[in-house]
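Student: Attaching a single structure in structure tokens format; questions to follow.
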Amino acid sequence: MNHESIIKSHHERTVLPNLLDYEQACRHFNWAEALDEMNGLPGRTGLNIAFEAVDRHVIGPRRDQLALRWLGRNDEVRDYTFTQLRGLSNHFANVLRSLDIREGDGVFAMLGRLPELYVAALGTLKNRSVFCPLYAAFGPEPIRARVEIAQPRLLITTESLYRRKIAPIRDSLPSVRHIILVSEDHQPTSMPGTHDYHSLIYDASGQFTIGPTNGEDPAFIHFTSGTTGRPKAAVHAHESVVAQYITGRYALDLHDGDIYWCTADPGWVTGTAYGIIAPLTNGVTTIIDEAEFNVERWYRIIEEQKVSVWYTAPTAIRMLMRAGSEVAQRYDLSSLRFLASVGEPLNPEAVVWSHRTFGEPFHDNWWQTETGGIMIANLAALDVHPGSMGKPLPGVEAAIVERKPDGSIQIINEPNVEGELALRSGWPSMFRGYLNDEERYRQCFVDGYYLTGDLARRDEEGGYWFVGRRDDVIKTSGHLVGPFEIESVLLEHPAVAEAGVIGKPDPLAGEIIKAFVALKPGSEPGDNLRREILGHARTRLGAAIAPKELDFVAELPRTRSGKIMRRLLRARELGLPEGDISTLETQATTD
Ligand code: ATP
Ligand code: MG
């Protein structure tokens, strides 16, 4: 990336970034002090996420502040203050207690973007049970498989999801003792073998004392996105709240008075870590939109709700780009102060486009289900290098390493050398295990480092650049190529909306690079356009690593969390089995 393209962090802001001096913060930060910023349970009885997220604000000046504003699909609006959220989550914790759901028991939630999701998550944490969100779009089989792994005692879902997806497989969910149904029309449900959410809440007390909670007690089970294979169930502890609070402040730059909108699906780790915990612990107001992605609706929400901090994902940003800046210009989006993106590499084109369109660039950040919180980020006070994931957060020690055949690792200190991204163990939101896969968990840690499975490089200034996943890297004519670099170049072509590339076995080159491209509206697939796009890639990348083949597709297969599933492109191209496709978006919406 050349120097002209750096987007300077501007300092004429009225709101100063929370983290102004990055180098100094890195020198002085330590997690023990960050922990001191939490209140802790009254009577020094431990650390509980729900208390830090809600109850502590109720004993302070935020008691009547808006915590959540829910926007229904049909323009209904529901508001919840911190005090109301404390009350409702107390009710839910008492409901669990009355059903004999205990400390450590699993509670599954399949709710979509509903206020009850927040109530259930917080009430579950108060009861010291373990919360696990599922995508509302899952069909019966992915639900059954996840129940089998995590053995939850209780499931909360909506009446219509229950009818369509759970009732047919109820008998194959033996660990689930209770099912709570949220009725969409507020009329009590009367499905046999289930409980009605509103009646239970109504009958339960609003007083609840959170029992002693150790920071190491399990709080969440999060299934990974399933981009590279069968989803893994990562376990997180209550202590993770410290990282989510701090990264909300540093990486998302949350300030008092912010209106924050995280667009992530609640079935994905981002939906809870940054949809629920980070904003609530930071005491800001969160917008929840029930509806699915829609360009005009999204801009209207930003305008009407005066959203100041917006956290979304590259897929959505590429869809906004596809619709064009003209649409954005029809709305007043001047409330936006900080824009952030996660989940996939954010192509430089998208960063530059957002800067031009919104006056603020999207700030890419990197983390995983396993890390429980943002680890590497483009911070508000630092210049943005489009295409870079940014720098490690204070308290996070990242390294580029090489795995040795004897199982050890070697740290690569020179800049600009590709290797595996590793993190020194010991941050609070680190996962504590994969359910039912101790061995795999153990293998992630070598010599005090957690190995992420992602390849990256670090530049001279300490910025990290994503290369690809270890599983996705292509070996062509002696070169190791990450798909991201190739896809970003394809995206520069004005006709290209999305691109995914794979390695395809070739007797001469080992692998050749094959591209799958979706076009912007108004562009027609054809041989001329194919030649033109391949030519553009060759000019920019050089013949050695440019794609040799290109197929036009209507859309790319992606996970529910918005990640291109290259393994599926490859399997389909080579006629191999498709593997676990439970999180595939198109498949999930049709069931
Ligand atoms: P699975 O582990 O089941 O294959 P997954 O890795 O996609 O799925 P998540 O934990 O949701 O599941 O995603 C984390 C991964 O997403 C990271 O390891 C990385 O590959 C990718 N990712 C996240 N943020 C970024 C980013 N800013 N830039 C590049 N890649 C990113
Ligand atoms: Mg992963």
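Student: From Trp465, Trp427, which residue is more than 15 Å from ligand 2 (Cβ to nearest atom), within 25 Å of Ile512 (Cβ to Cβ) and modelled with pLDDT of 95 or more?
Tutor: None of the others qualify; the one that does is Trp465.
Student: Continuing with the same structure: Within region 546-557, how many residues turn out to be modelled with pLDDT under 95 and not in a loop (DSSP other than H, G, I, E, B)?
Tutor: 0
Student: Could you grab me the full set of residues in region 29-63 that are assigned to a loop (DSSP other than H, G, I, E, B) and of a type in the set (Gly, Ala, Ser)?
Tutor: Gly40, Gly43, Gly60
Student: Anything in region 111-127 that is more than 18 Å from Cys262 (Cα to Cα) and either not in a loop (DSSP other than H, G, I, E, B) or not assigned by TED's automatic domain parsing to the domain that holds Gly215 (or both)? List them, or say none.
Tutor: Those that are more than 18 Å from Cys262 (Cα to Cα) and either not in a loop (DSSP other than H, G, I, E, B) or not assigned by TED's automatic domain parsing to the domain that holds Gly215 (or both): Ala120, Gly123, Thr124, Leu125, Lys126.
Student: Being at negative phi and not assigned by TED's automatic domain parsing to the domain that holds Ala136 narrows it down to one of Glu216, Glu303, so name that one.
Tutor: Glu303
Student: Residues that are more than 18 Å from the chain's Cα centre (by Cα) and β-branched (Val, Ile, Thr): list the helices (runs of 4 or more DSSP H) wholly contained in region 209-320 that include at least 2 such residues.
Tutor: Passing ranges, in order: 295-305.
Student: Let me ask something else about it. Take the conditions touching a residue at least 12 places away in the same chain (Cβ under 8 Å) and either in the same structural domain as Pro525 (by TED's automatic domain parsing) or within 15 Å of ligand 1 (Cβ to nearest atom) (or both) and apply them to Ala499. Does it pass? It would help to see each step written out before you state the result.
Tutor: On the way: touching a residue at least 12 places away in the same chain (Cβ under 8 Å): yes; either in the same structural domain as Pro525 (by TED's automatic domain parsing) or within 15 Å of ligand 1 (Cβ to nearest atom) (or both): yes.
Answer is yes for this residue.
Rundown of residues vs (1) under 16 Å from Ser89 (Cα atoms); (2) among the acidic types (Asp, Glu); (3) surrounded by fewer than 16 Cβ atoms within 10 Å (Cβ to Cβ), yes/no style:
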residue: Val119; (1), (2), (3): yes, no, no
residue: Tyr162; (1), (2), (3): no, no, no
residue: Tyr197; (1), (2), (3): yes, no, no
residue: Tyr202; (1), (2), (3): yes, no, yes
residue: Ile221; (1), (2), (3): no, no, no
residue: Thr224; (1), (2), (3): no, no, no
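Student: Given (1) in contact (Cβ under 8 Å) with a residue 12 or more places away in the chain; (2) outside the structural domain of Arg69 (by TED's automatic domain parsing), identify the lone condition not met by Gly324.
Tutor: (1)
Student: Can you find a residue that is within 16 Å of ligand 2 (Cβ to nearest atom), in contact (Cβ under 8 Å) with a residue 24 or more places away in the chain and surrounded by fewer than 23 Cβ atoms within 10 Å (Cβ to Cβ) anywhere in region 357-369?
Tutor: Yes, some residue in region 357-369 is within 16 Å of ligand 2 (Cβ to nearest atom), in contact (Cβ under 8 Å) with a residue 24 or more places away in the chain and surrounded by fewer than 23 Cβ atoms within 10 Å (Cβ to Cβ).
Student: Let me ask something additional. Mind checking whether some residue in region 260-281 is more than 20 Å from Leu379 (Cβ to Cβ) and open to solvent by 30 Å² or more (accessible area, probe 1.4 Å)?
Tutor: No - not one qualifying residue is present in region 260-281.
Student: To continue, here is another question. Of all residues in region 330-371, which are out of contact with any helix residue (DSSP H, G or I) (no Cβ under 8 Å at 6 or more places or on another chain) and more than 11 Å from ligand 1 (Cβ to nearest atom)?
Tutor: Ser334, Arg337, Phe338, Val351, His355, Gly359
Student: While we're here: So if I check each of Ile502, Ile512, which one is within 24 Å of Leu576 (Cα to Cα), in a strand (DSSP E or B) and open to solvent by 10 Å² or more (accessible area, probe 1.4 Å)? Before you say what the answer is, go through the steps one by one.
Tutor: Numbers: Ile502 fails: open to solvent by 10 Å² or more (accessible area, probe 1.4 Å).
Residue meeting the stated conditions: Ile512.
Student: Working only within region 137-158, note down all residues that are open to solvent by 30 Å² or more (accessible area, probe 1.4 Å) and touching a Leu at 6+ places or on another chain (Cβ under 8 Å).
Tutor: If the condition is that a residue be open to solvent by 30 Å² or more (accessible area, probe 1.4 Å) and touching a Leu at 6+ places or on another chain (Cβ under 8 Å), then Arg144, Ile149 are the ones that fit.
Student: Of the residues in region 379-412, how many are out of contact with any Pro (no Cβ under 6 Å at 6 or more places or on another chain) and either of a type in the set (Ser, Thr, Tyr) or open to solvent by 10 Å² or more (accessible area, probe 1.4 Å) (or both)?
Tutor: Counting residues in region 379-412 that are out of contact with any Pro (no Cβ under 6 Å at 6 or more places or on another chain) and either of a type in the set (Ser, Thr, Tyr) or open to solvent by 10 Å² or more (accessible area, probe 1.4 Å) (or both) gives 20.
Student: All but one of (1) closer than 22 Å to Thr124 by Cα; (2) surrounded by fewer than 21 Cβ atoms within 10 Å (Cβ to Cβ) hold for Gln24; state the number of the condition that does not hold.
Tutor: Here Gln24 meets the rest and fails (1).
Student: So Ile101 passes all but one of these: (1) open to solvent by less than 20 Å² (accessible area, probe 1.4 Å); (2) closer than 27 Å to Val309 by Cβ; (3) in the same structural domain as Pro133 (by TED's automatic domain parsing). Which condition number does it fail?
Tutor: (2)
Student: While we're on this one: Given the conditions (1) within 16 Å of ligand 2 (Cβ to nearest atom); (2) of a type outside the set (Gly, Ala, Ser); (3) buried (at least 21 other Cβ atoms within 10 Å of the Cβ), and given that Glu239 satisfies all but one, which numbered condition is not satisfied?
Tutor: Unmet condition: (1).
The values are calculated or read from the model by the stated rules, or taken from the named source; none is laboratory data. Because the structure is predicted, anything quoted here is derived from the model rather than measured. Virtual Cβ from ideal backbone geometry, glycine too; neighbours counted across all protein chains shown. Just so you know, the surface numbers come from the protein's heavy atoms only, side chains and all, with ligands and any DNA or RNA stripped out. Shrake-Rupley method; radii C 1.70, N 1.55, O 1.52, S 1.80 Å.
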